[in-house]
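The structure under discussion appears below in the form of structure tokens.
The values are calculated or read from the model by the stated rules, or taken from the named source; none is laboratory data. Everything quoted here is computed from the prediction, not taken from an experiment. Cβ sites come from the backbone with ideal geometry, for glycine too, and all protein chains shown count toward neighbours.
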Amino acid sequence: MACLLMASVSFTYAQSEEELKAALAEKKDSISAIQGRADAIQAQIDALPGWKIGAFGVIGGSISNFNNWYAQGIPNNSSGNIGFTVNAFANLQQEKFFWRNSGNVNLSWVKLDDQDDPTDEDGFREAVDVFNISSLYGRKLSEKFAISALGEYRTTLLNNFNNPGYLDLGVGGTWTPVENLVVVIHPLNYNFVFADDGDIFQSSLGAKIVADYTRQIGAIAFKSNLSAFSSYESSDLSNWTWINSFSYTLWKMIGVGFDFGLRSNKQEALNYAINTLEITDATFENVDNDLQTYWTLGLSYKF
């Protein structure tokens, strides 16, 4: 009798568990369907004429203090880091034309104060310094293609502002093959380079290619932007930058964000070799043009 009772309880429990799992799966399917309808409505809203403005970013930081912590190389120190990233856009969509504006700022500071060394740097120092703004105007020839003009400016803000600074001005075409993806191809583009050392940093005529994908899927927002310039004069004057930003909202407007960027620029590599590493015989032919990278992980806030 006891065995029969235990078997009955086990069967009832298993049946209840399966029923609950089935009900949960049904609810998840319903949520997915609702989210799909909401995304479709949002896509229709995004396609309406008028201004669309938004921004999201990453904020991160930490501080620490050690006293007589002999196990480490600097037993008495105070350290910290703080940084933030902001991605913003202001886009105007009309029946016959569009005007897309975007900006990316990534700044951070670090400090490591060795309290046993009175000569060391005890304040915060610049660690990451990225600034990029662009403006794209297009006159539509069809729903997916437009003749366009682009202005893009890149530099640093905290250290060596506009040294170097890059200003691209060009005309050509813009292709929007799918929603949220914008591809700019400008065969006529002039890359103005501003710098104190005119022997290394040179302006030139070339082609400009930009690919930008920005999307919001539920709690996830992400943006990927590739900007490349190919000089007609010399490949030594070409450069490209690829910046990616991700944000996942956990609660209200707060979440987790991750940014990473890649860059290749031979002019910057040569300038670093000559003026920082003091390699006097460095040239475009023998300089090591290593891939430049950065990443940032921290709390995010959606504006």
| query | How many residues, within the stretch 123-143, are more than 24 Å from the chain's Cα centre (by Cα) and surrounded by 14 or more Cβ atoms within 10 Å (Cβ to Cβ)? | reply | 1
| Any chance the stretch 144-157 includes a residue that's surrounded by fewer than 18 Cβ atoms within 10 Å (Cβ to Cβ) and out of contact with any strand residue (DSSP E or B) (no Cβ under 8 Å at 6 or more places or on another chain)? | no
| Since Lys96 meets every condition but one in (1) at pLDDT 80 or above; (2) out of contact with any helix residue (DSSP H, G or I) (no Cβ under 9 Å at 6 or more places or on another chain); (3) under 24 Å from Ser300 (Cβ atoms); (4) of a type in the set (D, E, K, R), which condition does it not meet? | (3)
| request: Of all residues in the stretch 73-95, count the ones that are of a type in the set (A, V, I, L, M) and within 17 Å of the chain's Cα centre (by Cα). | output: 3
| task | Please tell me if Val184 is aliphatic (A, V, I, L, M), modelled with pLDDT of 95 or more and surrounded by fewer than 16 Cβ atoms within 10 Å (Cβ to Cβ). | result | no
| said: Need pairs with beta-carbon distance below 6 Å; first residue surrounded by fewer than 16 Cβ atoms within 10 Å (Cβ to Cβ) and within the stretch 161-179, second acidic (Asp, Glu) and not in a strand (DSSP E or B); sequence gap 6+ or separate chains. | reply: Asn163/Asp196
| field | Index of the failed condition, Ile279 passing every other in (1) under 30 Å from Asp196 (Cα atoms); (2) surrounded by 17 or more Cβ atoms within 10 Å (Cβ to Cβ); (3) among the β-branched types (Val, Ile, Thr) | value | (2)
| Name the residues in the stretch 99-108 that are in contact (Cβ under 8 Å) with a residue 40 or more places away in the chain and either under 27 Å from Asn180 (Cα atoms) or not hydroxyl-bearing (Ser, Thr, Tyr) (or both), would you? | Arg100, Ser102, Asn104, Val105, Asn106, Leu107
| request: Kindly indicate which of Ala88, Ala33, Ala40 is under 18 Å from Arg100 (Cβ atoms), small (Gly, Ala, Ser) and either in a strand (DSSP E or B) or at pLDDT below 75 (or both). | output: Ala88
